Amino acid sequence: MRLPMSQSIAPVTPVTRASFYRLVYPARVLGMALAGLAVGSVLFEQGGGAWLWALLVSTFLFWPHLAYLHARYSPDRYAAEKRNLLIDSLFVGVWIPLMHFNLLASAVLAIVTTFDKVYTLIRRLWLHALIVLISAAALVGLLVRPTMQLHSPILVELCVLPLVFVYTWVNTYRGARLMRTIARQNWQLTELRRTDSQTGLQSRDHWIERAIQSLQTMQSGGSPATLLLIDIDHFKSVNDSCGHTVGDEVISAVGAVILASVRSEDSAGRYGGDEFAVIVSQADAESARAIAERMCAQIEQLRFASAPQLRLSSSIGLAVAQPGHADLRAWINAADHALYRAKHLGRNQVADVADA
């Protein structure tokens, strides 16, 4: 019975599976102690014999440490701890008839230990534990045939309260912490989806979403926007002559230049391969051209320790969003035409649709 304070989110890696028993141990020690307090109050009221008190000490004080040692020295620690969790429920099932089915204590112990298995997120563990608990209670009940004493004196009620309070508080805290963890992981996953890991720029899909929003904003009477398509000149020859490792360095370095050149309101993304795209927001064509020319100059100045002889240049096509652009494809096509114009004029320069 790994009662309150459980921290056992379903293990997903060999490391967490192997250390699962260590997470359970402090929870089991506390939970068993609180459960022992509740059971002890029932025994006191019912005048339980010495053998019952000895069994109580063995179950609620010694068992948590034996369970820890059993799991620690087992070849499969995770499987051993799952068996320990079932044994916890077995003990609860044994004690329910030994308490003469005291209604309050029996119900609380059964509910707490069953729900605690649910919180482990181990598939169907709660169901197996519940079957073990009911079977043990039925078997011991048939053997000892106790007189049912459903009434709970005030002492029993007071001694059960710590178990209920701690269980509720700890699982509320654990649930809140789990929600924070899930929220943080969801944010991290969202950021991973939005970001190109090699350059730190926006991923293609996320950039396209932002570009569509910018075009729609302009067409609905909002601020102007300019699209820049950036291509590294002769990138294939970089891979061929210097190797793909240097090629990766070039992509990362150019991405860093672009990221440093744009403003917070702009959207810079990895469009594909050695091509990049930037939406310059709230700026006219001249301002966008100034940003593009600054990128060209900074890319030309890049140097690489692994390839000292390497010199880079880039071509950039510029297209201002127009009401006549039916969709993003039309806007990209306009910038693409400007990009090819820049290449045709000799590369290492910026060209716009007007130039084309």
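Taking R0 as 30 Å, what FRET efficiency do you get between Leu189 and Gln282 from their Cβ-Cβ distance, rounded to the nearest 0.05?
Efficiency at R0 = 30 Å is approximately 0.50.
What does the helix-only formula give at 222 nm for the chain: each DSSP H stretch with n ≥ 4 adding -39500 (n - 2.57), the total divided by the residues, and the result rounded to the nearest 500 deg cm²/dmol? Calculated mean residue ellipticity at 222 nm is -21500 deg cm²/dmol. Counting only residues at least eight positions apart within a chain, or on another chain, the lysines with an alpha carbon under 26 Å from that of Lys82 are Lys117.
Give me the extension gain from His65 to Ala18: residue separation times 0.36 nm, minus the current Cα-Cα distance, reported in nm with one decimal.
Result: 15.2 nm gained on full extension.
Note that segment 253-356, at 4 °C in a medium of 1.567 mPa s, gets a Stokes-Einstein diffusion coefficient of 91 µm²/s from its Kirkwood radius over C-alpha pairs.
Between segment 80-125 and segment 49-63, the alpha-carbon centres lie 17 Å apart.
Which order do Trp63, Trp95, Trp53 fall in if you start with the one that has the fewest other Cβ atoms within 10 Å?
Sorted ascending by nearby Cβ count, the order is Trp53, Trp63, Trp95.
When you work out D = kT/(6 pi eta Rh) for segment 14-193 at 37 °C and 0.692 mPa s, using the Kirkwood radius from C-alpha pairs as Rh and the Stokes-Einstein form, the result is 188 µm²/s. Derived from the Cα gyration tensor, the three semi-axes of the equivalent ellipsoid of the chain are 72, 23, 14 Å, largest first.
Straight-distance candidates among the lysines for linking to Lys343, with alpha-carbon spacing under 22 Å and chain neighbours fewer than 8 residues away dropped: Lys236. FRET efficiency for the pair Gln322 and Tyr173, taken as 1/(1 + (r/R0)^6) with r the Cβ-Cβ distance and R0 = 51 Å, rounds to 0.35. Distance between the pseudo-spin-label points of Tyr340 and Ala107 (7 Å out from Cα toward the beta carbon): 7.9 nm. In segment 120-269, the C-alpha radius of gyration followed by the widest Cα-Cα span (Dmax) gives 31.3, 91 angstrom.
Helix screen, the chain: DSSP H segments with Cα axial length of 30 Å or more and mean Kyte-Doolittle hydropathy at least 0.0 are 20-46, 77-98, 154-194. Remark: the Asp248-Arg204 segment gains 14.1 nm on full extension, using 0.36 nm per residue and subtracting the alpha carbon distance. Ordering Met99, Met218 from the fewest to the most neighbouring beta carbons within 10 Å gives Met218, Met99.
For Ile154, Ile258, Ile111, Ile232, the sequence from fewest to most other C-beta atoms within 10 Å is Ile154, Ile111, Ile232, Ile258.
Since every read-out is calculated from the coordinates, none of them should be taken as a lab result. Remember, predicted model here, so these are calculated numbers, not experimental data. Here the Cβ is made from the backbone with ideal geometry for all residues, glycine too, and neighbour counts use every protein chain on show.
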